[in-house]
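Since the structure comes first, as structure tokens, the remarks are kept for the end.
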Amino acid sequence: MQEIKVHDKLFVPWLTEQTITDRVKDIAADINNAYAGKKPLFIGILNGAFMFASDLLKHITIEAEISFIKLASYKGMKSSGQVVTAIGLDVDITDRHVIIVEDIIDTGKTLHQFLPQLHNQRPASLKTAVLLHKPEATIHPVDIDYCCFSIPNKFVVGYGLDYNGLGRNLPAIYQLKD
Ligand code: XMP
Ligand code: MG
């Protein structure tokens, strides 16, 4: 894989499409085993999780539902701190087995704010499936139940993640060049 330019910044290859696919399949298999007979409701968080949610759900072989919400807290390369619900939830999660599907836990602020709101609606269970986790950056604690990759505290793009709107369509993940 080649380094790439997104807007004004250079990015170097970090996780290949094959590496991501293999890991997403493993996570899907774990979920299939854990949720057999439970008909879970997956909730993908737009925009960043669209590709992960799509690929993950292709390998979910048990009965399941998927819905999406849109939360936003990022501006450029820094979290703005404010988590805004741009598109809300259109399903009743009471007594449902809910699995949140998120692209990345960075500071943890987004899910730290959002998960209690879901808890208030009394789901039967509430778990998280996360593509990337930056442990060194996480200051708001979030329980991650299914994590694909722990990564260093560097900005990444691709596979759903963007830098100012660009890069989401890349099938692999790239890290900001030093
Ligand atoms: P927090 O800090 O709330 O961040 O855990 C979660 C949201 O911030 C975005 N984010 C990133 N987007 N490259 C990106 O393209 C990154 O390295 C990055 N870190 C955080 C992302 O949308 C995530 O849902
Ligand atoms: Mg996001």
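Projecting label points 7 angstrom from Cα along Cα→Cβ for ASN169 and ASP143 puts them 3.9 nm apart. Relative to the dominant Cα principal axis of the chain, helix 17-34 is inclined by about 10°.
Loop-located trypsin sites (Lys or Arg not before Pro) across region 92-178 with a Cβ neighbour count of 16 or fewer within 10 Å are LYS154, LYS177, with loop assigned by DSSP. Per-residue Karplus couplings for region 147-158, computed as 6.51 cos²θ - 1.76 cosθ + 1.60 with θ equal to phi - 60°, are listed in order as 10, 6, 9, 8, 10, x, 7, 10, 5, 10, 9, x Hz, Gly and Pro entered as x. In a fully extended conformation the segment linking GLN18 and ARG122 would gain 33.7 nm over its present Cα-Cα distance, using 0.36 nm per residue. Both radii were evaluated on the Cα set of the chain; the Rg over Rh quotient, with Rh as the Kirkwood radius, amounts to 0.95.
The modelled label-to-label distance between SER150 and GLU63, using points 7 Å beyond Cα along the C-beta direction, is 3.7 nm.
Here each label is just a point 7 Å from Cα along the line to Cβ, and for LYS25 and GLN2 those points are 2.9 nm apart.
Take the residue pairs LYS5/LYS109; LYS58/LYS177; LYS5/LYS70; LYS25/LYS70 and return only those whose Cα atoms are more than 30 Å apart. Each step should come with its number before you reach the end.
Working: LYS5/LYS109 28 Å; LYS58/LYS177 32 Å; LYS5/LYS70 27 Å; LYS25/LYS70 25 Å.
Too far apart for the 30 Å limit: LYS58/LYS177.
Roughly how far apart, in whole Å, are the Cα centres of region 115-178 and region 18-96? Between the Cα centre of region 115-178 and that of region 18-96, the gap is 11 Å. Once the Cα atoms are used to define both axes, helix 109-119 deviates from the longest principal axis of the chain by about 10 degrees.
Every number here is computed from the coordinates shown, using simple stated rules; none is lab data. None of these values were measured; they are calculated from a predicted model. Reconstructed Cβ throughout: ideal geometry from the backbone, glycine too, with neighbour counts over all protein chains shown.
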